[in-house]
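Presented below is the structure to which this report refers.
The values are calculated or read from the model by the stated rules, or taken from the named source; none is laboratory data. Remember, it's a predicted structure, so these values are computed and weren't measured experimentally. In this analysis, Cβ positions are derived from the backbone assuming ideal geometry, glycine residues included, and neighbour counts consider all displayed protein chains.
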Amino acid sequence: MNNQARPKLSRSLRLGLFIAAVIGLVTGLFAWYQVQSERKIDLEDVTRRAHVLAQQLSDRALLALSLPDTQARQTLRPRLEGYQRLLGYAVFRADGRLLAAGKAVSEFTDKLDDPARQALQSGKEVTQLLRAAGMHVHVLVKPLPGTEPATGALAVVHDVTFLDDRAVARLAQFGFWVLIITLLAVALVVGSTWLAYERPLHKLADWMRRLRTENVAEAPPGLPSGRLRSESDRLAASFRAARSTGRALSEATMHAEQVWTPERLRAHGLAALGEARQLIVVSNREPYMHQWRDGKPRVIVPAGGLVTALDPVLQACGGVWIAHGAGDADRATADPAGRLTVPPDDARYTLKRVWLTREEEQGYYYGFSNEGLWPLCHLAHERPVFRAGDWGHYRNANRRFADAVLDEVGTGQAVVLVQDYQLALVPRLLKEARPDLRVGLFWHIPWPNPEAFRICPQGAEILDGMLGADLVGFHLQQYGNNFLDTVDRVLESRLDWDHFAVELRGNRSLVRPFPISVQPWAERHVPEGEDLARQIAELREQHQLGDAFVAVGVDRVDYTKGLPERFRAVARLLEKYPQYRGRFTHVALGAPSRTHIPRYREHLDRIEALADEINWKYQTDSWKPIRFLVAHHDAKTVHAFLRMAPMGIVSSLHDGMNLVAKEYVAAQAGGDGVLVLSEFAGAARELADALIVNPYDIEQFAEALRAGIEMDAAERRARMQRLSRQVEEHNIYRWAANFLTELAATRAPGAETADGNKTATA
């Protein structure tokens, strides 16, 4: 069973519950004893009544015993029927044979044979309690005297079921008063303990907490006088002195300590890598792609958060990035081993390309990865498709990437960072070949709940591959919890919920949240000042934006990004508030994605048709409400639009993080832009000062757009300042430092575990 932390009860409540248990036990035992005593008295009363009735009927029974059976029954019949709680009588001859019995008794006369035989043999009255005919009955058998030891016997039968009902009623009554007394006792104990003991301690604890962050002059009221108050005052004085001494130094160094830079990451990375020294990133997507343009290879930076996040890390730390060479000019720009240095204009690290055939790419990337795992993990109302052939290509491609890593490492040491769902099998493949490698896996998309993941026919193999890593990272703790729940349901493994770890096949994998972030725009060689102003003016003129209020969105054209929902919200805004017609324009920068997959092509067609429909309804000769620009936009263009727009929109239906939200905030640093952010994007957990919306709720979405347009300037600045501080302090360099630190701290093969055993090395 998985042990999860439970909230602790207060001392006063625990004491009250203990006293309640004692009172309940004592009074319950007393109530049971009392009820049993009263039941005994009632039974004795029934026995006396039965004895009296037997005496009254003895003469008639003796007369009947002297007659033949038929006459005897006629003589006894008028007196054999019962009255109140008296079921009736039965008369037995000296040989134990039943002579006559009342109608109510005749149904169970077989149960009277034994007590009648006992009475005839002993010559004494016999009393018994029996279960008969669904009733609880009391039987008294009286032997009838004669010349022989007994001429016969008379049985008097009473229904005593009422005694059970009376006992239950008495127990219920006792229980009610026990409950009242117990509750009063608990209230008294808890209240008195709280007032006399816990309340002063809580005040003291709250005062000590405030003491760390505020200038508290004296101890809180309500504390007992004497040493405790004296020591509290001294402690306050010490904290004030320390705070005053350290405030200046803290203010001078705080910013430097909070903000991570490439230089700081480089120094930290070298220390974290230790003896390994070599850092290897492996992903499907390459950071720089070459394509033929006018007979010459042209560099393209692919869209997506993975490249945006990790390229600065490799530029800061150096190393090797292993990726699929998907550009049609990639082979021409790499050496025979598929290697080249990047960035092209300022070499900082090595890019090694893995070559896949078109068939392999179709099955591994477009098939299993993006028609299977992608919709499975995003829960975006698209049916996952899993084909046996695609799985074969996926396994082979993962083997190709793992072999490329091993070839690059050689006999040396390395820290390997495996990226995303396309390469889930690589960690296990690396560990099987080189158990001494430090392997981290970061999953850039959500992880679904166990029920959803079990749709995947190859789910067990995917999990096994991932758990070859020493560290498995997700954007959110929720995704990590889902992952551990999934492992618990699917694999026979050892889960350590206290440390969020899994042990499988000799490898221990830590599972941690690492919310990914972005690089500051100032480091990306984008225009600023007059150059930026000139570019913005050109873009406004090119796209006929005039002086309209611009809301920008930057997305891959994917069904998870909520583009139709966003366009409908814009239409609803214009329908509900006509004053914004001609004054508001949404610019959607759409990067075409996975166009080899039919559902992606169909999705793009639907979005373009929807944009045309809305524009046709509201546009004028000089204005359109939606500018849907489908192209691979470079960083300078994206930056210019982000800086231009007083509003950024992210409408993901389900997203692991969504770095566009953070890119917009980073571009607005020092400004007063408004971010409208889907609650289903992981970024919503960190960017709480955005206008959070449910993109499925078109009415709410439209109202959020209106609120952003009309928001007071002071509120916009305050919100953006807090958002900017969050993004600046938690940038991509801090993310990388945290990941490398955690990975470096994982237990090396052969190290001792907490239970004193050693981990396997193979």
Exercise. For the range 472-481, indicate whether the set of residues that are under 16 Å from the mean Cα position of the chain (by Cα) and assigned to a loop (DSSP other than H, G, I, E, B) is non-empty.
Key: yes
Kindly indicate whether ARG117 is touching a Gly at 6+ places or on another chain (Cβ under 6 Å), modelled with pLDDT of 80 or more and not aromatic (Phe, Trp, Tyr).
yes
*Test GLY459 against the stated conditions and say whether it is free of Cβ contacts under 8 Å to residues at least 60 places away in the same chain, more than 16 Å from PHE514 (Cα to Cα) and surrounded by fewer than 21 Cβ atoms within 10 Å (Cβ to Cβ).*
yes
Selection over the range 549-572 where residues are in contact with a Phe, Trp or Tyr (Cβ under 6 Å, 6 or more places away or on another chain) and aliphatic (A, V, I, L, M) yields a count of 2
task = Would you be able to say whether some residue in the range 455-467 is over 17 Å from ARG505 (Cα atoms), modelled with pLDDT under 95 and not assigned by TED's automatic domain parsing to the domain that holds ARG685?
result = yes
Flag if TRP447 is surrounded by fewer than 24 Cβ atoms within 10 Å (Cβ to Cβ), of a type outside the set (Val, Ile, Thr) and either in contact with a Gly (Cβ under 9 Å, 6 or more places away or on another chain) or not assigned by TED's automatic domain parsing to the domain that holds ALA309 (or both): no
Checked against (1) touching a strand residue (DSSP E or B) at 6+ places or on another chain (Cβ under 7 Å); (2) surrounded by fewer than 18 Cβ atoms within 10 Å (Cβ to Cβ), PHE680 satisfies every condition except (2)
The lone condition ALA397 fails out of (1) closer than 22 Å to ASN482 by Cβ; (2) buried (at least 22 other Cβ atoms within 10 Å of the Cβ); (3) touching a Phe, Trp or Tyr at 6+ places or on another chain (Cβ under 9 Å) is (1)
Note: among PHE442, PHE500, just one is free of Cβ contacts under 8 Å to residues at least 24 places away in the same chain, in the same structural domain as PHE401 (by TED's automatic domain parsing) and aromatic (Phe, Trp, Tyr), namely PHE500
Taking the range 426-461 and keeping residues out of contact with any Leu (no Cβ under 7 Å at 6 or more places or on another chain) and assigned to a loop (DSSP other than H, G, I, E, B) leaves PRO435, ASP436, TRP443, ILE445, PRO446, TRP447, ASN449, ARG454, PRO457, GLN458
Scanning the range 278-287 for residues that are in a strand (DSSP E or B) and crowded, with 23+ Cβ neighbours inside 10 Å gives LEU279, ILE280, VAL281, VAL282
Here the qualifying pairs (Cβ atoms under 6 Å; residues six or more apart or on different chains; first in the range 669-682 and closer than 18 Å to PRO564 by Cβ; second among the acidic types (Asp, Glu) and part of a strand (DSSP E or B)) come out as ALA681/ASP655
Restricting attention to the range 288-311, the residues that are modelled with pLDDT of 90 or more, surrounded by fewer than 23 Cβ atoms within 10 Å (Cβ to Cβ) and either aromatic (Phe, Trp, Tyr) or in contact with a helix residue (DSSP H, G or I) (Cβ under 7 Å, 6 or more places away or on another chain) (or both) number exactly 3
Counted residues in the range 535-563 being among the hydroxyl-bearing types (Ser, Thr, Tyr) and farther than 24 Å from GLY708 by Cα come to 1
Note on the range 126-149: residues under 14 Å from ALA54 (Cβ atoms), crowded, with 19+ Cβ neighbours inside 10 Å and either touching a residue at least 24 places away in the same chain (Cβ under 8 Å) or not assigned by TED's automatic domain parsing to the domain that holds LEU99 (or both) are HIS138, VAL139, LEU140, VAL141, LYS142, PRO143, LEU144
So the helices (runs of 4 or more DSSP H) completely within the range 323-409 holding 2 or more residues that are touching a residue at least 40 places away in the same chain (Cβ under 8 Å) and not assigned by TED's automatic domain parsing to the domain that holds GLY656 are 330-333, 374-378, 388-409
What about ALA522, is it under 30 Å from LEU463 (Cβ atoms) and free of Cβ contacts under 8 Å to residues at least 40 places away in the same chain?
no
_Flag if PRO312 is closer than 27 Å to GLY590 by Cα and either without any contact (Cβ under 8 Å) to a residue 40 or more places away in the chain or assigned to a helix (DSSP H, G or I) (or both)_ = yes
Is it true that some residue in the range 737-758 is farther than 21 Å from VAL511 by Cα, touching a Leu at 6+ places or on another chain (Cβ under 7 Å) and modelled with pLDDT under 95?
no
The residue that is modelled with the highest pLDDT, considering only those in the range 479-526 that are closer than 21 Å to VAL727 by Cβ and among the polar types (S, T, N, Q), is SER517
Restricting the range 410-426 to residues that are of a type outside the set (A, V, I, L, M) and farther than 21 Å from ALA309 by Cα, the one surrounded by the most Cβ atoms within 10 Å (Cβ to Cβ) turns out to be GLN413
Residues of the range 580-625 being of a type in the set (A, V, I, L, M) and touching a residue at least 60 places away in the same chain (Cβ under 8 Å), in sequence order, are ALA591, ILE597
Selection from the range 319-357 of residues surrounded by fewer than 17 Cβ atoms within 10 Å (Cβ to Cβ) and of a type outside the set (Lys, Arg) yields ASP328, ALA332, ASP335, PRO336, ALA337, THR341, PRO344, ASP345, ASP346, ALA347, TRP355, THR357
Note: among GLU565, GLU541, just one is of a type in the set (Asp, Glu), surrounded by fewer than 18 Cβ atoms within 10 Å (Cβ to Cβ) and either more than 32 Å from the chain's Cα centre (by Cα) or more than 30 Å from GLY363 (Cα to Cα) (or both), namely GLU541
From the option list GLU451, GLU492, single residue qualifying as under 23 Å from the mean Cα position of the chain (by Cα), without any contact (Cβ under 8 Å) to a residue 12 or more places away in the chain and within 25 Å of LEU379 (Cα to Cα) is GLU451
Of the candidates GLU565, GLU541, GLU530, the one satisfying the condition of being of a type outside the set (Ser, Thr, Tyr), within 19 Å of LEU629 (Cα to Cα), assigned by TED's automatic domain parsing to the domain that holds ARG599 and out of contact with any helix residue (DSSP H, G or I) (no Cβ under 8 Å at 6 or more places or on another chain) is GLU541
Looking at ARG494, is it surrounded by fewer than 22 Cβ atoms within 10 Å (Cβ to Cβ) and basic (Lys, Arg)?
yes
